[in-house]
Amino acid sequence: MKNLLEQNFQSAAHTTNPTFKLSEDRFEKIIAEVEDYAIILLDIQGTISSWNKGAERIKGYSAEEITGKSFKVFYTKEDKEDGLPERLLKTAIEDGRANHEGWRLRKDGTRFWGNITLTALHDDSGLITGILKVTRDLTERKKAEDRLSNYAELLRLKNEDLTRSEERYHKMISEVSDYAIILLDKDGKVIDWNKGAERVKGYKAEEIIGKSFRLFYTAEDKAANIPEQILRDAFENEWVTREGWRIRKDGSRFWASITITALRDDHHEIIGYSKVTKDLTDKKIAEDRLSIYTEELKQRNEELRQSEERYHKMIEEVQDYAILMLDQGGIIQNWNAGAALLKGYTASEIIGRSFKTFYTSEDIASKLPDKLLHEAKVHGKAVSEGWRVRKDGSKFWGSVVITALHNNSGGIIGYSKVTRDLTERKHAEDEMKAAAVVLKDQNKVLENLNSELSAFAYIVSHDLKEPIRKIRVFSARQREEGKSPAQISEYSHKIEDSAAKMQKMMEDVLAYSELSAGIMFEPVNLNEIISIVKNDVELLIEEKQANIYTDNLPVISGIRHQLHQLFLNLFTNAIKFSRPAEKLEIKITLKQVWDKEISMQADILHQHFHEISFSDNGIGFPQEYSKKIFEVFHKLHPKHESSGSGIGLAIVKKVMLNHSGWVAAESEVNKGTTFKLYFPVAGY
């Protein structure tokens, strides 16, 4: 509009055709009556020298208030500090024109979005005589553009003050090239034409002046009398704005935004119309594409909605699996029939709560739910089995799969969680495992019995033969002639010693064999057992001045009298093999260990154990004998004054095997011995 005004007025000023020559007064009146554009004339310093109604309406100043002041008064504080007015003025002077859009200030301090063009005006010698400033208030269009992501275009431009000189106004209009600015007579015939009109519509001034503006309309619009209707609307309403397809000289179409303003004389009589046209073809194409895309998006969204609805119905009606959606923080977003059946909650009771609700207090304390979400986030999926909690507090064995859900850019938007109740399978597996443990225990017992039979065979073939051989030898010597009574008495004592030794061995063998007899298990407090055993060996403890330290020991499922035998043998062994010059110290400590922490040559049937360490500071033995010492009748210190029958530690090992446990020994000569007893923890 701004460039058009310049070109139109300049052309009007220089035309030699008297028919279309406008008087300066008439032209100034035309410009002065334009209300949609602020048309202002500036000198080269930016001082305002003319002001029209459009400028007064847009900016709020009357001509008397603003004439003679700098045009910088319309700029915001930020733009003035940035030097924007000076730069625009400089650009217009150096390049002939400067365009800008931005926030401008009215007299009352309110802001409006202005589209401005500064155009340098030249005299016939080419010298700059002033600056034409055309401003259009595009605030509403700006708001629309913001709402429609900048697809909207400027709705209309505001006229600036027309210059007082007809020649200068014509130059101003003629030099505008971004807008087609045309003057029509009251019948719609073209009487003025600018460079912008030539660029947009393709006609030269001499080709179009004197012809009806109907030429620019499509056949359909002309058949519907749209051009005449637009003029009537402008006549009745002072101005009219339209958008639609228009025709260029070459027959091609462009999408135009037009504003036609009625021009009146001092008697309010119509003298013609100004017509400003902006080519918005690119905007129209973009809008059409956006419209098509929007429609396609609507169809796609409807298809997705229907698909999602079918999916939700399918999920909601599944009863064998609890299928639910979680947000990124694990908050439940939906609930299906399977979840209600399995967990006992209704949708209204559980949606919005954390999925941690289903986990045991132990799992929550160990942060298992958080770990599962993290695993799903990092690896895409997390799989877990374990005990879960229903609404009524009962537990079920759940198989859970948590899958991370991503958006198109790969970001996590939530998780799906599928749970299946495998309680019956878990019970069956536990029963099978228990049966397998029992069977393995029984097999182990049989293996141990076979080993015992081999040991007994060795005893019969070796250890028991020796005292019998001595009895036979000394009996024969008693019958020899010439033996004195003293010799016979000595042989009798040796026969009695051998018989007593054989009897002791038979008693030990009997005691050892009795350990294999089936006896009922019961809860046994090991603290009580230790107390009883300490009482049994009280005199020996006092004699050795022994110090005994004992942790608080557990209650286990065991055979009371066998456990008494076990600790009695350990105490007796520690006292028997103590160092004479050292005060005996015995420490009994407790800790919990898992199967992977135990290094032993044995079949481990359980996973979790009480490790009871029985340590002394006695004479010890070389570590290479740590297994031999548990063999029946094996004597590591046969010459020791307190050497026994060699069956005590074999009984310890036998008792531990009877309790599905294990015993191991660690020792160093003259530094003491530690026996480690491993009793299974109940439930593991």
Problem set entry | Full-extension gain in nm, Glu81 to Leu405, via 0.36 nm per residue minus C-alpha separation | 111.6 nm
Problem set entry | Estimated vicinal HN-Hα couplings, Hz - segment 295-302 in sequence order (Karplus 6.51, -1.76, 1.60; Gly, Pro = x) | 5, 4, 5, 4, 4, 5, 4, 5
Exercise. Which of Lys133/Lys195; Lys59/Lys142; Lys544/Lys576; Lys534/Lys654 have a Cα-Cα distance over 19 Å?
Worked result: Lys534/Lys654
Problem set entry | Assigned charges on the beta-carbon of Lys, Arg, Asp, Glu; segment 314-358 dipole about Cα centre (debye) | 220
For this session: Provide the per-residue ³J(HN,Hα) series for segment 256-263, in order, calculated from phi with Karplus coefficients 6.51, -1.76, 1.60 and θ = phi - 60°, each as a whole number of Hz, with x at glycine and proline positions.
Result: 10, 10, 10, 10, 10, 10, 6, 10
Seminar exercise, completed: Taking placed amide H atoms and a strict 5 Å upper bound, the residues 5 or more places from Val318 or on another chain that come that close are Ala337, Gly338
Exercise. For the peptides 47-57, 202-212, what is the packing order when you average, over each peptide's residues, the other Cβ atoms within 10 Å and list the highest mean first?
Worked result: 47-57, 202-212
Problem set entry | Point-charge dipole on Cβ atoms (K/R +1, D/E -1) for segment 528-600, about Cα centre, debye to 20 | 140
For this session: Report, to the nearest whole %, how much of the accessible area of segment 229-354 belongs to carbon and sulfur atoms, 1.4 Å probe, protein only.
Result: 50
Exercise. Given a 1.4 Å probe, how much area per residue of segment 54-117 is accessible, in Å²?
Worked result: 51
For this session: Using the structure shown, select from Lys143/Lys377; Lys426/Lys676; Lys381/Lys596; Lys395/Lys591 the pairs with a Cα to Cα distance greater than 32 angstrom.
Result: Lys143/Lys377; Lys426/Lys676
Problem set entry | Karplus (6.51, -1.76, 1.60) ³J(HN,Hα), θ = phi - 60°, over segment 471-477, in Hz, Gly and Pro reported as x | 4, 5, 5, 6, 5, 5, 5
For this session: Give the value in nm², to one decimal: projected area of the alpha carbon convex hull of segment 62-132, averaged over all directions.
Result: 5.4
Problem set entry | Rounded Å value of the spacing that divides the Cα centres of segment 366-381 and segment 199-222 | 72
Problem set entry | Amide hydrogen neighbours beyond the local backbone of Ser50, cut-off 5 Å, H modeled | Leu41
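The values are calculated or read from the model by the stated rules, or taken from the named source; none is laboratory data. Keep in mind it's a predicted model, so treat the numbers as computed, not measured. Because the Cβ atoms are built from the backbone with ideal geometry, glycine has one as well, and the counts that use them run over all protein chains shown. When the accessible area is computed, the model is the full protein with side chains, heavy atoms only, and any ligands, DNA or RNA have been set aside. Shrake-Rupley method; radii C 1.70, N 1.55, O 1.52, S 1.80 Å.
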